[in-house]
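*Asks:* Sharing a structure here in structure tokens format.
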Amino acid sequence: MQFREIVGQDQIKARLIETVQSGRISHAQLFLGPEGSGSLALAVAYAQYISCENPGPQDSCGECASCRKYQKLIHPDLHFSYPFFAKHKEDTAQTFIAEWREAFLENPYLGLETWRNSLDAENKQANINIAECHQILQKLSLKPFEGEYKVLIMWLPEYLDKEGNTLLKIIEEPPHKTLFLLVAQNQEQILSTILSRTQLVKVPALPDQVVETYLLNQGVSPEKAKQIAFLSDGNLQSAQNLLKDLENDNFQLFTDWMRICFGDKGNAMIDFVETIAKSGRENQKAFLRYGIHFLRECLLILSGASDLVRLPEAEQVVAINFAQKVLSLAKAEAIVAELEKAHYHIERNANPKILFLDVSLQFVKILKFNTLPSGTQHIFS
């Protein structure tokens, strides 16, 4: 992985390169960034740059023996640790290394759900177990095989339970020329004993414009690129999922749904439910996410913050009209709450016909008859 292959994050790239060029490489670093921000890809590119035999001023050469092995994730001094779904207590990350290489090389922005889907996870919980901790200690006790540095990249150390304390001594006082690069999404879930022993590298979510440019370069139409960039919230993994699964015009579909519910049109409601039920679970989730984002933009309009609205122009016109003529803060908040509950249940394989019919009836109560669910509270209060 080379830095030039990573979308955006130019400031982080420059800072990482400068640490190598100035000889200030910290032996334990925590790359902290939300899913889809490129934090894992940055850690791999950083390790490749450190190990490159002919590094340039802005990137690894990509041609030396070390880089060629890094590009395939098969360098003998590069080790990975990550959450997995153990079937036996002796399973370690090495058990799943072939699947890991394939998953990362296909998509360096992968999230845990994507990783789970590439394995036969069944109903098992992801974790980094004690057997993996012992395997790490064993690997890092050896001298580097080919390069100057030995590197361990641990993805999602949040999944280390108390067994992670086994690694404290080697993280604090590692063998010579040994690097720990931890890649995390939630700082609060990391063992404090590990967190205190690492140097923090904060990786921000990607700006909408960067995601939009990436999608345009993939041949996506400008209108669809803008919509997906808005929906993905700086998560390139989410943007890729939306690009793959987004078959419906969610803007048109959602606004039609709101009109049907506001008009209390029973036959049209049944037709809508039949249509959305056939679209597939991922499309249904994407549709509900769009609705949540659209209503949150309406909330900004209702609260007098129209300058913060990020909808495309055509959608913004509809949102302003909808907010001013139909919605109130309480109604918008109630609809968002129903959409979030629906998304939760769709993820857990609820029957889509029953679910969307029930949600539609709730919307009729909220929009047509001003009946708000009990316990509705203003999010701005």
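*Asks:* Looking at region 146-202, which of its residues are surrounded by fewer than 15 Cβ atoms within 10 Å (Cβ to Cβ), free of Cβ contacts under 8 Å to residues at least 60 places away in the same chain and outside any helix (DSSP H, G or I)?
*Replies:* Correct list: Asp161, Glu173, Pro175, His176, Asn186, Ser196.
*Asks:* Just for region 1-46: of the residues that are small (Gly, Ala, Ser), out of contact with any helix residue (DSSP H, G or I) (no Cβ under 7 Å at 6 or more places or on another chain) and in a helix (DSSP H, G or I), which one is farthest from Phe80 (Cα to Cα)?
*Replies:* Ala14
*Asks:* In this structure, is Ser306 out of contact with any His (no Cβ under 8 Å at 6 or more places or on another chain), polar (S, T, N, Q) and closer than 24 Å to Ser221 by Cα?
*Replies:* Details: out of contact with any His (no Cβ under 8 Å at 6 or more places or on another chain): yes; polar (S, T, N, Q): yes; closer than 24 Å to Ser221 by Cα: no.
Spelling it out, it is not the case that Ser306 is out of contact with any His (no Cβ under 8 Å at 6 or more places or on another chain), polar (S, T, N, Q) and closer than 24 Å to Ser221 by Cα.
*Asks:* Looking at region 322-345, can you tell me whether even one residue there is at pLDDT below 90, within 23 Å of Ser238 (Cβ to Cβ) and not aromatic (Phe, Trp, Tyr)?
*Replies:* no
*Asks:* Considering region 47-81 alone, what residues qualify as being in contact with a Cys (Cβ under 7 Å, 6 or more places away or on another chain), assigned to a loop (DSSP other than H, G, I, E, B) and in contact (Cβ under 8 Å) with a residue 24 or more places away in the chain?
*Replies:* Pro55, Ser60
*Asks:* Scan region 71-80 and give yes if some residue there is closer than 20 Å to Gly33 by Cα, in contact with a helix residue (DSSP H, G or I) (Cβ under 9 Å, 6 or more places away or on another chain) and modelled with pLDDT of 85 or more, otherwise no.
*Replies:* Yes, region 71-80 has at least one match.
The values are calculated or read from the model by the stated rules, or taken from the named source; none is laboratory data. Since this is a predicted model, take the numbers as computed values, not measurements. Note: ideal-geometry Cβ built from the backbone for every residue, glycine included; neighbour counts use all protein chains shown.
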